[in-house]
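Working notes, beginning with the structure itself.
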Amino acid sequence: QVQLVQSGGGLVRPGGSLTLSCAASGSIFSIVTVDWFRQGPGDQRELVASIGSTNSTNYADSVKGRFTISRDNAKNTVYLQMNSLKPEDTAVYYCNAILVKSQSGPNFSYWGQGTQVTVSA
C-alpha cells in the first residue's frame, strides 16, 4: 500500500513563507512526477507546480518566482517552498504523485490528504 502524507501549511501573514512537504511511503519503485494543486473556496482545483524524474519543473504563472518545487529522492519526498505569499494563495493544497511499484510496471496515481494554507493579516 502506498501513502502520500502532507505536512506544513497553516496561517501566515502576507509576504510570509511556508514550506509544504509530501512524503510517499510503501511499495514504491520510483516516483515519476509530483504535482502540487490547490483549491480555493469556490474555485476549481488548479495546478501550481510540477517536478519530473529529471528534476524538470513547471509553475503556474501566478506563482512563478515565488514558489519553488524540489524533491529528495532518498526520502521519497517533494517540497513546495512558498515565499512572498499573497491572500490569493489561500487554498487547500494537494500533492499528486505518479509512481511505479516495480521496474517496467504501470503508473499509479496517488493523492495526499490536503493541507490548508491561509494568508491573512
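The values are calculated or read from the model by the stated rules, or taken from the named source; none is laboratory data. This one's a predicted model, so the numbers in the text were calculated from it and none came from an experiment. Note: ideal-geometry Cβ built from the backbone for every residue, glycine included; neighbour counts use all protein chains shown. To get the accessible areas, we keep the full protein, side chains included, count just its heavy atoms, and leave off ligands, DNA and RNA. Shrake-Rupley method; radii C 1.70, N 1.55, O 1.52, S 1.80 Å.
Here Ser84 passes the criteria (1) at negative phi; (2) surrounded by fewer than 15 Cβ atoms within 10 Å (Cβ to Cβ); (3) touching a residue at least 60 places away in the same chain (Cβ under 8 Å); (4) not aliphatic (A, V, I, L, M) except the one numbered (1).
Of all residues in segment 87-110, count the ones that are closer than 18 Å to Val2 by Cβ and surrounded by 14 or more Cβ atoms within 10 Å (Cβ to Cβ). Before you say what the answer is, go through the steps one by one.
Within segment 87-110, the subset closer than 18 Å to Val2 by Cβ is 94-110.
Those still in the list that are surrounded by 14 or more Cβ atoms within 10 Å (Cβ to Cβ) too: 94-101, 108, 110.
Residues that pass the stated criteria total 10.
Name the single residue, out of those in segment 25-63 being among the β-branched types (Val, Ile, Thr), in contact (Cβ under 8 Å) with a residue 24 or more places away in the chain and open to solvent by 40 Å² or more (accessible area, probe 1.4 Å), that is nearest to Ser7 (Cα to Cα). Write out each step before concluding.
At the first step, the residues of segment 25-63 found to be among the β-branched types (Val, Ile, Thr) are 28, 31-34, 48, 51, 54, 57, 63.
Among the residues that remain, those that are also in contact (Cβ under 8 Å) with a residue 24 or more places away in the chain are: 28, 31-34, 48, 51, 63.
Then keep just the ones that are open to solvent by 40 Å² or more (accessible area, probe 1.4 Å); that gives 32-33.
Details: Val32: 21, Thr33: 19 Å.
The residue in question is Thr33.
Inspect segment 102-112 for any residue being of a type in the set (Gly, Ala, Ser), at pLDDT 95 or above and on the phi > 0 side of the Ramachandran plot and give the result as yes or no. Among the residues of segment 102-112, not one is of a type in the set (Gly, Ala, Ser), at pLDDT 95 or above and on the phi > 0 side of the Ramachandran plot, which makes the answer no.
Tell me whether segment 64-78 contains one or more residues that are part of a strand (DSSP E or B), over 22 Å from Leu99 (Cβ atoms), open to solvent by less than 70 Å² (accessible area, probe 1.4 Å) and touching a residue at least 12 places away in the same chain (Cβ under 8 Å).
Taking every residue of segment 64-78 in turn, at least one turns out to be part of a strand (DSSP E or B), over 22 Å from Leu99 (Cβ atoms), open to solvent by less than 70 Å² (accessible area, probe 1.4 Å) and touching a residue at least 12 places away in the same chain (Cβ under 8 Å).
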